[in-house]
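The structure under discussion appears below in the form of structure tokens.
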Amino acid sequence: MTPSHIDNVGLLEREDFPRLLTALKHAGYRTLGPVVRDNAITWDEIDKVDDLPIGWQDHQQPGQYRLEAKHTQRLFDVVHGPESLKRETFAPREPLLTIERRKNSFSAEPVLPQNAPTAILGVRACDLAALNIQDRIFLQDQFPDPYYQVRRESLFLIAVNCTRALDTCFCASMNTGPMATSGFDLVLTEDDQDFVLEAGSPAGEEILEQLPLSPVSDARLKQDNDRIEACAASQTRNIDSTRLPEALYEAHDHSRWDEVANRCLACTNCTMVCPTCFCHTVEEQPDLTYQKSEHTRVWDSCFTPDHGYIHGKNFRPTIKDRYRMWLTHKLGTWVDQFGMSGCVGCGRCITWCPVGIDITEEVKALCKPRESSST
């Protein structure tokens, strides 16, 4: 956020923050935000400011997650929970079409979702970057996914710039955060007494116009920039992308794959919490009369044994095969397919791995630079 954006920037006092929720409601949006449920942060519908995780902070380490109550009035001191934006666009389970018997034939009707306009409050920069990747997968090229498209077009995104990093964050090294630079309708930076809000779209400007904003000084914008830069500098984990994807291709027979496979449970947690993984399967669900069936898309994972099965053979029979495929695709062949990395540095796969496997450590071990020969 820089002074050059001043036309779209304003200062909102903390006591006026409920006016933002009111403006969203009057604009016809249902609003989702971070809430505390079952000792974790999840997305849920919110009606008032008190629904937000006021005064809570999350602490995450490999295989560990906990919330801690702080004596503050901060609304957005939690960074993220296990859920990203993925479930709002690429649904965990959704019917694609219904098939019904007719006399000597059948009919097939698509079932497109009916999504109400939805504002999501509290989106982080890494999740905006992940949504951009999902857009590349589902919306570009010759055949856009109409189910994803309907859900995606209904979203109004309110981002929050990060001023504190988790122990598992490495977005700075992936150039995806901690500042939100694009893909949002509104973005805010929270301070103890107020919020700096910036519009990123015409829809965002319409909401800003309904709020009692005051001008923002250059000094305040610089202060926020400094806090965001300090957040980036505090991140202790990183992935060096300069040798990717080639270094992973060269590491195909590396002994590290055996070592990590001995720890990996193939539980699929990493792929379920990943904001960009998009593996899925389809199921046929007939009714009791067997006259009608629903063709349903369901999240799947490349860590399941069945995912690598084709007629007569499983071409990824071991955990080693599956972990190697996942990591190599995420940081290697994804670049070849889509022109971008499949990782945004959110660190969820590290936190929610039951045995604490750290993707940044695995990449370092697999991609150590070769020793240069002496001359």
Original post:
On average, how much area does the Cα convex hull of the chain cover when viewed from any direction, in nm²?
Top reply: 24.3 nm²
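Hey, can you rank 23-34, 335-346, 165-176 by average C-beta count inside 10 Å, highest first?
With the highest mean Cβ count within 10 Å placed first, the list reads 165-176, 335-346, 23-34.
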Subject >> Least to most buried among 322, 66, 243 (fewest other Cβ within 10 Å first) >> reply: 66, 243, 322
Subject >> Residue-averaged 222 nm ellipticity for the chain, from DSSP H runs of 4+ at -39500 (n - 2.57), nearest 500 >> reply: -7500 deg cm²/dmol
Original post:
Any idea how far apart residue 107 and residue 209 come out in nm if each label point goes 7 Å out from Cα toward Cβ?
Top reply: 4.5 nm
Subject >> the range 201-224-the range 156-190 distance, computed between alpha-carbon centres (Å) >> reply: 17 Å
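With a 10 Å Cβ neighbour count serving as the proxy for reagent exposure, in which order, fewest first, do 313, 222 appear? Spell out each step's value before the answer.
Numbers: 313 8, 222 13.
Ranking 313, 222 by Cβ neighbours within 10 Å, fewest first, gives 313, 222.
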Original post:
Hey, which of these cross-link pairs are over 26 Å Cα-Cα: 86/222; 86/368; 222/364; 222/330; 48/70?
Top reply: 86/222; 86/368; 222/364; 222/330
Subject >> Label point distance in nm, residue 253-residue 217, each placed 7 Å from Cα along Cα→Cβ >> reply: 6.5 nm
Original post:
From the phi of every residue in the range 38-52, what ³J(HN,Hα) in whole Hz does the Karplus formula 6.51 cos²θ - 1.76 cosθ + 1.60 yield, where θ is phi - 60° and glycine or proline is x?
Top reply: 6, 6, 8, 9, 9, 7, 7, 5, 10, 10, 8, 4, 5, 6, 6
**OP:** Sticking with the crude label model, points 7 Å out along Cα→Cβ, report the distance from residue 68 to residue 263 in nm, one decimal please.
**Re:** 2.4 nm
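Bear in mind that the values in this text are calculations on the coordinates, not laboratory data. Please read these numbers as outputs of a predicted model, since none were measured by experiment. Quick reminder, even Gly has a Cβ in these numbers, built from the backbone with ideal geometry, and neighbours come from all protein chains shown.
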